[in-house]
1. Would you please list the contacts, defined by Cβ atoms under 7 Å and residues six or more apart or on different chains, that run from a residue in the range 152-172 that is closer than 18 Å to VAL190 by Cβ to a residue that is small (Gly, Ala, Ser) and part of a loop (DSSP other than H, G, I, E, B)?
2. Just to be sure I understand, how many residues within the range 107-126 are open to solvent by 10 Å² or more (accessible area, probe 1.4 Å), part of a helix (DSSP H, G or I) and within 14 Å of the ligand (Cβ to nearest atom)?
3. Search the range 32-51 for residues that are closer than 18 Å to GLU185 by Cα and in a loop (DSSP other than H, G, I, E, B) and pair each with any residue that is among the hydroxyl-bearing types (Ser, Thr, Tyr) and open to solvent by 30 Å² or more (accessible area, probe 1.4 Å) when their beta-carbon atoms are under 9 Å apart and the residues are at least 6 apart or on different chains.
4. Within the range 228-264, how many residues are touching a residue at least 12 places away in the same chain (Cβ under 8 Å) and at positive phi?
5. Condition first: open to solvent by less than 40 Å² (accessible area, probe 1.4 Å), within 16 Å of the ligand (Cβ to nearest atom), modelled with pLDDT of 95 or more and more than 20 Å from the chain's Cα centre (by Cα). Can you find one or more residues in the range 62-78 that meet it?
6. Just the residues that are surrounded by fewer than 24 Cβ atoms within 10 Å (Cβ to Cβ) and polar (S, T, N, Q), please, taken from the range 296-343.
7. Anything in the range 92-101 that is within 20 Å of LEU64 (Cβ to Cβ) and either among the small types (Gly, Ala, Ser) or near the ligand (Cβ under 7 Å from one of its atoms) (or both)? List them, or say none.
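The values are calculated or read from the model by the stated rules, or taken from the named source; none is laboratory data. Model, not experiment: these values are computed from the prediction. Heads up, the Cβs are rebuilt from the backbone with ideal geometry, glycines too, and the neighbour counts pull from every protein chain shown. Note: accessible area is taken over every heavy atom of the protein model, side chains too, but ligands, DNA and RNA are not part of it. Shrake-Rupley method; radii C 1.70, N 1.55, O 1.52, S 1.80 Å.
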Amino acid sequence: DKGNYRHFMAKEIHEQPEVVGRTLSHFLDLSTGTVSLPFELPVDAATLPRLTISACGTAFMAGLVASYWFERIARLPVEIEVASEFRYREPPMEKGGLMLLISQSGETADTLASLRYAKAQGQKILSIVNVPTSTMARESDVAALTLAGPEIGVASTKAFTCQLALLACLALAFAKARGTIDAKEEARLVAELTAVPGLIAEALKREPQVELLARDLSKARDVLYLGRGTSYPLALEGALKLKEISYIHAEGYAAGELKHGPIALVDSDLPVIVLAPRDHVFEKTLSNVQEVAARNGRIILISEPEAAHELGVPAEVIALPKMAPDFSALVYAVPVQLLAYHTAVFMGKDADQPRNLAKSVTVE
Ligand code: F6R
């Protein structure tokens, strides 16, 4: 049932404050402001030498965002690769390691093959799935459930943010076990996560503005997405979303890579969407945007209200509320999804059923 929405995708985008909140409250104890997983980790988190992550598509982007959290907050080294490469690369894995798989359906062929490969290599298996009865859930030592509810739209939206929510909690649990955060820092980070559903609801209020920008975007032949830190995987996710439902060619780049090639593409016809939360690389991102402006690129800046002023060059700005930077990816995902959705709708495409795509990819 689509309710009052034209598409399941729109409904699912709007469900995010609720389902992200539900997922968070399953892995955090909001009354004490602590992280509290409803399961035992299958390894000793304190001494684990590294975490290996594999997934496909949007679930892979979630893993990539989380790799920044695991490394930065828990000081846990991460190896991450798309499942179709991981399974055939046949990487040697030290026994007793932890393999994390992420999948909405829990049935994706390549991700499942990576799970089985890692198991044969003596790894403990932790999977993040949205379907509790799925094959991956069954074959894992621990299956952590996102509480997104059924996702009908082919393009993953609420499953993605729920994966991020759960991964953030997992990163905090590792950090706690490894002693890289103290009780005060834990409480601070938990409070930041607790604020996320409200911030997502705020971000959803930018929809009318995003809709106007989408009209413009629908005329583009190519679109570039830029970001640094966790906004880099989000840039990749933005490009993927736009490609899959609007069929406009889009690419995501780490903003610092711009000058190593892609800047050659920039001219007044190329919309450049910049994801710039106020984090430790904010200024670096802004200076990359100024390089785009110097080549007459059309800039759409997703950032906080004052950023436009600091940028000092003309840009369309989607202003999101001020927020602590650690988990901004959960909030910045929203305008990225809305932009893709409204561009597709404006172009008359079926956002729920993009051509050539299936919801569950059970063949490699
Ligand atoms: C993109 C999308 C796909 C899936 C990918 C993995 O919007 O939906 O890229 O994320 O096929 O699917 P799951 O998560 O079911 O393993």
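1. As it stands, the answer is CYS162/ALA148, since those pairs meet every condition given.
2. Qualifying residue count for the region: 4.
3. Matching pairs, first to second residue: GLY33/THR194.
4. 2
5. No, there is no match, as no residue in the range 62-78 is open to solvent by less than 40 Å² (accessible area, probe 1.4 Å), within 16 Å of the ligand (Cβ to nearest atom), modelled with pLDDT of 95 or more and more than 20 Å from the chain's Cα centre (by Cα).
6. Selection gives ASN296 alone.
7. Of everything in the range 92-101, just one residue is within 20 Å of LEU64 (Cβ to Cβ) and either among the small types (Gly, Ala, Ser) or near the ligand (Cβ under 7 Å from one of its atoms) (or both), namely GLY97.
Condition check ((1) open to solvent by 30 Å² or more (accessible area, probe 1.4 Å); (2) in a helix (DSSP H, G or I)) across all residues:
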{"residue": "THR180", "(1), (2)": "yes, no"}
{"residue": "ALA203", "(1), (2)": "no, yes"}
{"residue": "LEU212", "(1), (2)": "yes, yes"}
{"residue": "LYS219", "(1), (2)": "yes, no"}
{"residue": "TYR232", "(1), (2)": "yes, yes"}
{"residue": "GLU237", "(1), (2)": "no, yes"}
{"residue": "LEU242", "(1), (2)": "no, yes"}
{"residue": "LYS259", "(1), (2)": "yes, yes"}
{"residue": "GLU291", "(1), (2)": "yes, yes"}
